[in-house]
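One structure is given here, and the rest of the page talks about it.
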Amino acid sequence: MSTTIKHILAAHDFGETAQVALDYALDLAERLGARLTIVHAYEIPVYGFPEGFALTADVVGRIQEIAGKALEGVVTRARRPGVEVDGMLRQGAAWSEIAGAVTETNAGLVVIGTHGRRGLAHALLGSVAEKVVRTAPCPVLTVRAPKGSQ
């Protein structure tokens, strides 16, 4: 098994913590001469009505379009000389899609932000970072949220 990291996957949810984690990932990619893929996973909200579930193709398309444009903006701002940066948009549960993206891209490291919630907040909201740590087929670097942003 080689420990040389040639490809880093950075998870991004468009929040402040994700941006801090992306900055770490960019610095690592630059120092290691690695490629960087920024991945954003989004879920389609499902609303139940007595007649069944309602969600039009237009709504789904609009969600994908907005998420794609936001990701393009993150990728554009992340570009720097010496680091190859691209983006990957995936639909589904974030933790599962991130783990799948690792396999698809053959990334050697995942960098992901964490809010560090505990207790009831953690139990109710879950932790994407925790699930990625448990399921990713490679090492995962978690970056803590800046103080005061939790």
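Please treat every number below as a calculation from the coordinates, not as lab data. This is a predicted model, so every value here is computed, not measured. Cβ sites come from the backbone with ideal geometry, for glycine too, and all protein chains shown count toward neighbours.
Thr105: net charge of surrounding residues, Cβ under 10 Å, Lys/Arg +1, Asp/Glu -1, itself excluded? Residues close to Thr105 contribute a combined charge of -1.
The packing ranking, built from the mean of other Cβ atoms within 10 Å per residue, places the peptides 3-9, 97-103, 22-28 in the order 97-103, 22-28, 3-9, highest first. Extending 7 Å from the Cα toward the beta-carbon at both Glu30 and Arg79 defines two label points whose distance is 1.7 nm. In this rough spin-label picture, where each label sits 7 Å from Cα along the Cβ direction, the Val59-Thr4 distance is 5.0 nm. Ranking Leu9, Leu22, Gly33 by how far each Cα lies toward the positive end of the dipole of the stretch 1-40 (charges on Cβ) leaves Gly33 at the top.
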